[in-house]
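Here's the structure we're looking at; comments come further down.
The values are calculated or read from the model by the stated rules, or taken from the named source; none is laboratory data. In this text, all values refer to a predicted model and were calculated from it rather than measured experimentally. Cβ placement follows ideal geometry from the backbone for every residue including glycine, while neighbour counts extend to all protein chains displayed. Please note that ligands, DNA and RNA were not included when accessible areas were found on the heavy atoms of the full protein model with its side chains. Shrake-Rupley method; radii C 1.70, N 1.55, O 1.52, S 1.80 Å.
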Amino acid sequence: MKDVIICRCEEVSLTDLEDAAKKYNCSARELKLRTRAGMGFCGGRTCRPAVDKVLTSITGEDPTNNIPLKVAPPVRPLSLSDLGGVNHD
Amino acid sequence: MKMHDVVIIGAGPAGLSAAIQCRTYDLSVVVIDEFPKAGGRLLGQLHEEPNGEWWNGIKESNLLIEEAENLKTDIRLGVSVHHVERLENHYVVHTNTEHVAAKTVLIATGAAESAAPIPGWTLPGVMSIGAAQVMTNVHRVSVGEKGIVVGVNVLSAAIARELQLAGVDLHSMALPATNVVSEDQSNPRAVMERLVRIAHLAPSKFIQFGSKFATFEFVRNIALNFYPKDGIKMWDMPIHLRKAIKEINGTDRVESVTMVDVTPDGDIIRNTERTIEVDFVCIAGGLYPLGELAAVVGCPFEYNEALGGHVPIHNEAMETPIDGVYVAGNITGIESAKVAREQGKVAGLSIVKALTDNAEVAEKVDAAITNVQQTRDEATIQFHPEINEGRATISASFEQLIK
Ligand SMILES: Cc1cc2nc3c(=O)[nH]c(=O)nc-3n(C[C@H](O)[C@H](O)[C@H](O)COP(=O)(O)OP(=O)(O)OC[C@H]3O[C@@H](n4cnc5c(N)ncnc54)[C@H](O)[C@@H]3O)c2cc1C
């Protein structure tokens, strides 16, 4: 069977995640940082639930009441000039 | 920067009906939505209710938009909110065009779809079932010549029917083949159980099939073991619970899918692969509450399966534990548009109550809360059978937290 891509923005596959988890024996958060799963252009809106499930199944971490992949602003893609406030007061 | 009474993020049924309440009491309101049209997910909806009446989302949105416009509501479309900043006694909502300041914020950002990744799902021509709904009913663009729906649930059944009404040719609906992500979406028993428990509410003849009998587990087992090879037909379209899509094939775009037979537990039966030619695939992985902005502003969350995933903790008055931050609609749990609309009304009135000293409003909040429950009880589309338990849990968490 072909490998499944889990995070399509960053093209991270299930095998990439499993390999990284095996190699570094790490937390869900570290795995995300190492592979960039869920950190692409869509800000995780497409793959967040899928990435969460894969990370939970690989690391055995409980889906806690905290959002597993912490959400940080900006939650939408944004140009630097907009972020820098060139266009508003 | 002008200080508004409230910024409402999301112009779906929840946001719009909240805006109407706030404007009725003359609060200064800004509604922001990133879509070019107001109405949210309501815009794509079209289904027949059990009593034979049609629920036409475009008509329903227009009613809300008209009412909001008559009250001179400031609605800003095509504007994305990327951050909500909490300052000492007000909030600043950051968008891609401006910063808007307000005493209170209502987050009514609705739901998003979960992807159900299967090999080949990144090929052009693969889309979520909701994207197919928006293309068909909002933009009126044909999604393709012949397609297949992967994922069997209330939403995909309702939207498959909409596609069919629009003249789109669907081969069938089938399950996604099992993997770590798809889990119970690929398990025929789990899918069947969910369908049966909502059968009496469902708008489709298919979902009503044999529901009277299938409430017994042994009947469900027999039904799955002897599930017809050609599927059970809904409006002439086969629904397969014993067939799954293992792979989507194509070089530059979707050309076909590989279908396999599965056991009642979802295990793939060997040597049953066959290729079905299609030029588009709709993946239906279910919905989850879109809570990113509530997370950013610091709302505590709870994982609540009946509500669809991680939801910001809130009470029935649509208040969060953070003073001045309110939530309404699908961000609080996946339910039908009618429930979202009533929740929006509650949130709007709660904000009016907090910002004015109008004695009649408190009573109105209570009445609106009762209406939410009544609407929930009568809902045609229910996304999770244990919705009432889910609601009770989250309200209890709020009380716990406030103490
Ligand atoms: C694909 C899909 C199909 C659905 N189909 C049905 C159906 O057939 N029947 C049914 O009863 N229910 C359906 N639902 C459930 C639906 O969510 C509710 O019916 C209802 O629309 C919820 O209303 P709401 O106001 O909470 O959110 P929505 O109607 O989703 O409105 C939320 C609005 O917030 C905006 N928004 C979100 N984030 C931002 C941001 N950061 N900045 C600016 N704007 C933002 C969005 O653009 C959207 O317009 C569907 C949901 C989805 C996702």
Residue pairs qualifying under the 8 Å Cβ cut-off, at least six apart or on distinct chains, with the first in region B:2-16 being at pLDDT below 95 and the second being open to solvent by less than 10 Å² (accessible area, probe 1.4 Å), are B:LYS2/B:ALA101
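Conditions (1) open to solvent by 20 Å² or more (accessible area, probe 1.4 Å); (2) in the same structural domain as B:ASP323 (by TED's automatic domain parsing); (3) in contact with a helix residue (DSSP H, G or I) (Cβ under 9 Å, 6 or more places away or on another chain), marked per residue:
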{"site": "B:ALA362", "(1), (2), (3)": "yes, yes, yes"}
{"site": "B:ALA368", "(1), (2), (3)": "no, yes, yes"}
{"site": "B:GLN374", "(1), (2), (3)": "yes, yes, yes"}
{"site": "B:ASP377", "(1), (2), (3)": "yes, yes, yes"}
{"site": "B:PHE383", "(1), (2), (3)": "yes, yes, yes"}
{"site": "B:ASN388", "(1), (2), (3)": "yes, yes, yes"}
{"site": "B:ALA392", "(1), (2), (3)": "yes, yes, no"}
{"site": "B:ALA396", "(1), (2), (3)": "yes, yes, no"}
If we take region B:129-235, then helices (runs of 4 or more DSSP H) inside it with 3 or more residues that are at pLDDT 75 or above and open to solvent by 10 Å² or more (accessible area, probe 1.4 Å) are B:154-165, B:188-197
Testing B:SER17 on (1) open to solvent by 30 Å² or more (accessible area, probe 1.4 Å); (2) more than 7 Å from the ligand (Cβ to nearest atom); (3) assigned to a helix (DSSP H, G or I), one condition comes back false. Which one is that? (1)
Is it the case that region B:378-395 has a residue that's within 14 Å of another protein chain (Cβ to nearest Cβ), touching a residue at least 24 places away in the same chain (Cβ under 8 Å), away from the ligand (no atom under 16 Å from the Cβ) and within 23 Å of B:VAL29 (Cα to Cα)? no
Among the residues of region B:20-61, write down those that are small (Gly, Ala, Ser) and either open to solvent by 50 Å² or more (accessible area, probe 1.4 Å) or within 13 Å of the ligand (Cβ to nearest atom) (or both). B:ALA38, B:GLY39, B:GLY40, B:GLY44, B:GLY57, B:SER61
So, B:ALA68, is that one within 10 Å of the ligand (Cβ to nearest atom), part of a helix (DSSP H, G or I) and small (Gly, Ala, Ser) or not? no
Assess whether B:LYS103 counts as being under 30 Å from B:LEU155 (Cα atoms), open to solvent by 60 Å² or more (accessible area, probe 1.4 Å) and modelled with pLDDT of 95 or more. no
So, in region B:299-335, exactly how many residues are away from every other protein chain (no Cβ under 14 Å), part of a loop (DSSP other than H, G, I, E, B) and surrounded by fewer than 24 Cβ atoms within 10 Å (Cβ to Cβ)? 7
Set B:VAL100, B:VAL93, B:VAL84, B:VAL79: member being within 14 Å of the ligand (Cβ to nearest atom), in a loop (DSSP other than H, G, I, E, B) and farther than 22 Å from B:GLU335 by Cα: B:VAL79
Is region B:115-123 home to any residue that is surrounded by fewer than 21 Cβ atoms within 10 Å (Cβ to Cβ), within 14 Å of chain A (Cβ to nearest Cβ), touching a residue at least 24 places away in the same chain (Cβ under 8 Å) and over 27 Å from B:LEU349 (Cα atoms)? yes
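Condition check ((1) more than 8 Å from chain B (Cβ to nearest Cβ); (2) outside any loop (DSSP other than H, G, I, E, B); (3) at pLDDT 75 or above) across all residues:
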residue	(1), (2), (3)
A:PHE41	yes, no, yes
A:SER57	no, yes, yes
A:PRO73	no, no, yes
A:ASP89	no, no, no
The condition from (1) assigned to a helix (DSSP H, G or I); (2) within 13 Å of the ligand (Cβ to nearest atom); (3) over 19 Å from B:ALA112 (Cα atoms) that B:ARG341 misses is numbered (3)
